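**Student:** Provided herewith is a single structure, encoded as structure tokens, for subsequent inquiry.
The values are calculated or read from the model by the stated rules, or taken from the named source; none is laboratory data. Everything numeric in this text was worked out from a predicted model, so none of it was measured. Heads up, the Cβs are rebuilt from the backbone with ideal geometry, glycines too, and the neighbour counts pull from every protein chain shown. Ligands, DNA and RNA are stripped out before the accessible areas are found, and what is left, the full protein with its side chains, is counted by its heavy atoms. Shrake-Rupley method; radii C 1.70, N 1.55, O 1.52, S 1.80 Å.
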Amino acid sequence: MPLWIKLLIASIVFLLLISIQIIVKAKHPFKKMVLSMIKGMGTLFIVNIVGGVTGVTLPVSLLSLAISAVIGIPGVTMMLLFNMFL
């Protein structure tokens, strides 16, 4: 398995564990989870809209939607960084 795939998997697991820890410690975990999903998917949408001006876009696929919904804004940021470096 290539090194970049191992790094991608490790980064996703790390961000997922951080997100779970933040959601569990919240007073209203369901509300926090839904808001995190909305923020992540909204960020993915905004990145693609602004991509016409900046030239930075992310492909909208099942994987990118899942990452942005589960991890939220850190997931979209991670995808942008991987898109920039790889």
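**Student:** For ASN48 and ALA26, what is the calculated FRET efficiency with R₀ set at 25 Å and r taken between the beta-carbons, to the nearest 0.05? Display every interim value, and only then the final one.
**Tutor:** Values: r = 29 Å, r/R0 = 1.14.
It comes out at approximately 0.30.
**Student:** Of all alpha-carbon pairs in region 1-78, indicate the percentage at a distance above 14 angstrom. Before the final figure, lay out the partial values.
**Tutor:** Details: 1913 of 3003 pairs.
Taking all Cα-Cα pairs of region 1-78, the fraction more than 14 Å apart is 64 percent.
**Student:** Would you mind telling me the share, in percent, of accessible area of the chain contributed by carbon and sulfur at probe 1.4 angstrom?
**Tutor:** Numbers: 4820 of 6080 Å².
Within the chain, the accessible surface is 79 percent carbon and sulfur.
**Student:** Mind checking which lysines have their C-alpha under 23 Å from LYS6, skipping anything on the same chain fewer than 8 residues away?
**Tutor:** none
**Student:** Given springs between every Cα pair under 10 Å in a Gaussian network model of the chain, which of ILE38, ILE22, ILE73 has the largest fluctuation?
**Tutor:** ILE22
**Student:** Counting only C-alpha contacts under 8 Å and six or more residues apart, can you give the relative contact order of the chain as a whole percent?
**Tutor:** Numbers: 66 pairs, mean separation 27.4, N = 86.
Relative contact order, the chain: 32 percent.
**Student:** At 1.4 Å probe radius, can you tell me the per residue accessible area of the chain in Å²? Working shown, then result.
**Tutor:** Values: 6080 Å² over 86 residues.
Counting only protein heavy atoms, the per-residue value for the chain is 71 Å².
**Student:** Once both axes come from the Cα atoms, what is the angle between helix 73-85 and the longest principal axis of the chain, in degrees from 0 to 90, rounded to 10?
**Tutor:** Computed tilt is about 20 degrees.
**Student:** Per the helix-only calculation at 222 nm, which mean residue ellipticity applies to the chain, given -39500 (n - 2.57) for every DSSP H run of n ≥ 4 and division by its residues, nearest 500 deg cm²/dmol?
**Tutor:** Details: 4 runs with 70 residues, N = 86.
Mean residue ellipticity at 222 nm (helix-derived): -27500 deg cm²/dmol.
**Student:** With labels modelled as points extended 7 Å from the Cα through the Cβ direction, what inter-label distance (nm, one decimal) is found for LEU65 paired with ASN83?
**Tutor:** Taking the two extended label points, one gets 1.6 nm.
**Student:** Kindly express, to the nearest 10 degrees and within the range 0 to 90, the angle between helix 29-54's C-alpha long axis and the longest C-alpha principal axis of the chain.
**Tutor:** Relative to the chain, helix 29-54 is tipped by roughly 20 degrees.
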